[in-house]
Amino acid sequence: MMNTKKSTHQNIMDTAQKLIQRKGFNAFSYADIAKELDIKTSSIHYYFPSKTDLGLELMKRYRKTIQEVLEQVDQSELGSREKLQEYLQAYQSIFSEDGRICLCVMLSSDIITLEDSIQQEVKLFLQLNLDWLAKTLEEGVKCNAFNCHADTHAEASLFLSTLIGSMLLARANPKSLSFHQIGQVLYDKYTLHD
């Protein structure tokens, strides 16, 4: 049933995001959203004429949200270790026991079937994360907080790839280490302890 305190537009976006995070872009339809919100599909088409329009707006919103989080972390007085910990916590808050994982991870798995506009947003999201991680790792190396064996851009790619892979592994194989445990191992891999 639709939350009337939020706008229809917002409810559609929130519901679509949850569906994509759980099922993937190609596995949900406007009928799924309509059923969940108890509205007609024509109401969805009013705000989002095509599924691509909806996906594009979702990805832009998602990228803006993480960009704001990263800017807040950067503007804080936190050291590089704490910044990296905040980053991990942001991703851990996305991972859900009901099977939802990062929107960008789910869209990445469908990337070859997505329209160019959504592909571009996914790439921008990933690049934003890679640039922030490389910068944070570089700061940490300079102040002897992190141990990087390669170029920080390569290490950022390794870090993000491991984070993404751990979401998929934890989702597909609940008996494996949890996403949170893998995140801690990843953090410990880079952190130099005093």
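Filter the range 5-22 down to the residues that are touching a residue at least 24 places away in the same chain (Cβ under 8 Å) and within 25 Å of residue 97 (Cβ to Cβ) and list them by number. Within the range 5-22, 11, 12, 13, 16, 17, 18, 20, 21, 22 qualify. All of 157, 166, 176, 161 fail the test of being surrounded by 19 or more Cβ atoms within 10 Å (Cβ to Cβ), hydroxyl-bearing (Ser, Thr, Tyr) and either on the phi < 0 side of the Ramachandran plot or modelled with pLDDT of 95 or more (or both), apart from 166.
Residues in the range 39-56 that are part of a helix (DSSP H, G or I), farther than 16 Å from residue 113 by Cβ and in contact with a helix residue (DSSP H, G or I) (Cβ under 6 Å, 6 or more places away or on another chain): 41, 44, 47. Report yes if residue 62 is in contact with a Cys (Cβ under 7 Å, 6 or more places away or on another chain), within 17 Å of residue 21 (Cβ to Cβ), modelled with pLDDT under 95 and surrounded by 13 or more Cβ atoms within 10 Å (Cβ to Cβ), otherwise no. Answer is no for this residue. If only residues of the range 88-128 that are closer than 16 Å to residue 157 by Cβ and among the polar types (S, T, N, Q) are counted, the one that is modelled with the lowest pLDDT is 108. For the range 121-138: of the residues being without any contact (Cβ under 8 Å) to a residue 60 or more places away in the chain and within 20 Å of residue 78 (Cα to Cα), which is farthest from the chain's Cα centre (by Cα)? Only one residue fits best here, namely 138.
Scanning the range 24-38 for residues that are assigned to a helix (DSSP H, G or I) and in contact with a helix residue (DSSP H, G or I) (Cβ under 8 Å, 6 or more places away or on another chain) turns up 30, 31, 32, 33, 34, 36, 37.
The values are calculated or read from the model by the stated rules, or taken from the named source; none is laboratory data. This structure is a prediction, so every number in the text was calculated from the model and none was measured. All Cβ positions, glycine included, derive from the backbone under ideal geometry; neighbour counts span all protein chains shown.
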